[in-house]
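I have placed the structure first, in the form of structure tokens, so that the comments after it can refer back to it.
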Amino acid sequence: GEDVEQSLFLSVREGDSSVINCTYTDSSSTYLYWYKQEPGAGLQLLTYIFSNMDMKQDQRLTVLLNKKDKHLSLRIADTQTGDSAIYFCAERTGRRALTFGSGTRLQVQP
Amino acid sequence: SQTIHQWPATLVQPVGSPLSLECTVEGTSNPNLYWYRQAAGRGLQLLFYSVGIGQISSEVPQNLSASRPQDRQFILSSKKLLLSDSGFYLCAWSQEREGTYNEQFFGPGTRLTVL
């Protein structure tokens, strides 16, 4: 079955790096995603990684994928107050829809 | 460019009343459409998805139903709301293409409170 888990909360200081972790159970995942949700709004895709990749970097964002441990992480360098939001990990398997984690609330302290 | 609309933005309904939430997409044709629910402090739960007019797949048993009367219109309904139906309802669309990451685009959401 499919299950995606994340820690619920992370607090960092402005300028530090943030690392948000996610574990998933379905080894047939093809793509894994990170979405961002700002208060009272819908979700926006931040980045994604194909399952045959180990790492993907996009400006301040670095995604690491460990397929053996079924572990995905999102690192945000030089975290800013505008990065405060809920971050969702999601996986896509054979189905058309995505399976989302419960979301990690990132709080950035000035 | 494509846009996705949801309405209403907020809704307060009594237990046992009916529900109708609407989602429309502009700027694309034959999209896949999805309804998700986000309960307070929890992640997104997929409720329904549709790959075409009149084609609805239900992911969880519940007192909700979905319909797709037109290509770019997706409606979430209930005949009698329960307290547990409270939450943030998100509509999303995607264009399925083999071998691509198939981003899902989300609407602004509807916050439903059942009293």
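The orientation-averaged projection of the convex hull spanning the C-alpha atoms of chain B amounts to 7.1 square nanometres. Counting other Cβ atoms within 10 Å as a rough exposure proxy, the listed residues A:Arg75, B:Arg72 run A:Arg75, B:Arg72 from fewest neighbours to most. Neighbour counting of Cβ atoms within 10 Å sorts the residues A:Asp78, A:Asp26, fewest neighbours leading, into A:Asp78, A:Asp26. The simple spin-label model puts a point 7 Å past each Cα toward its Cβ; for A:Gln109 and B:Glu22 those points are separated by 4.8 nm.
The HN-Hα couplings worked out from phi for segment B:99-115 by the Karplus form 6.51 cos²θ - 1.76 cosθ + 1.60 (θ = phi - 60°) are x, 10, 7, 6, 4, 9, 9, 9, x, x, x, 10, 8, 10, 10, 9, 10 Hz, whole numbers, x standing for Gly and Pro. In whole Hz, with x marking every Gly and Pro, tabulate ³J(HN,Hα) for segment B:16-31 from phi via Karplus 6.51 cos²θ - 1.76 cosθ + 1.60, θ = phi - 60°. Coupling constants for segment B:16-31: x, 7, x, 9, 8, 10, 10, 9, 10, 10, 10, x, 8, 10, 6, x Hz. Per-residue packing, averaged as other Cβ atoms within 10 Å, sorts the ranges B:42-48, B:76-82, B:8-14 into the order B:42-48, B:76-82, B:8-14, beginning with the highest. In order along segment A:64-70, phi translates into HN-Hα couplings of 10, 10, 10, 5, 4, 8, 6 Hz, rounded to whole numbers, per the Karplus curve 6.51 cos²θ - 1.76 cosθ + 1.60 with θ = phi - 60° and x for Gly and Pro. Length gained on full extension, B:Lys80 to B:Asn30: 14.9 nm, using 0.36 nm per residue less the C-alpha separation. Extending 7 Å from the Cα toward the beta-carbon at both A:Arg60 and B:Leu115 defines two label points whose distance is 4.0 nm. Per-residue mean of foreign Cβ neighbours for A:42-54 is 3 (Cβ atoms of other chains, 10 Å radius). Near B:Arg72, no amide H atom lies under 5 Å from its own; only residues 5 or more places off or on other chains count, and H is placed 1.01 Å from N. A simple spin-label model places pseudo-atoms 7 Å from Cα toward Cβ; at A:Phe50 and B:Gln45 they are separated by 3.5 nm.
As a ratio to 2.2 N^0.38 Å, the alpha-carbon radius of gyration computed for segment A:33-104 takes the value 1.12. Radius of gyration (Cα atoms) of segment A:1-46, expressed as a multiple of 2.2 N^0.38 Å: 1.40.
Counting only Cα atoms, the size of the protein assembly as shown along its three principal axes is 48, 40, 36 Å, in decreasing order.
Bear in mind that the values in this text are calculations on the coordinates, not laboratory data. Note that this is a predicted model, so its numbers are computed, not measured. We place every Cβ from the backbone using ideal geometry, glycine too, and count neighbours over all the protein chains shown.
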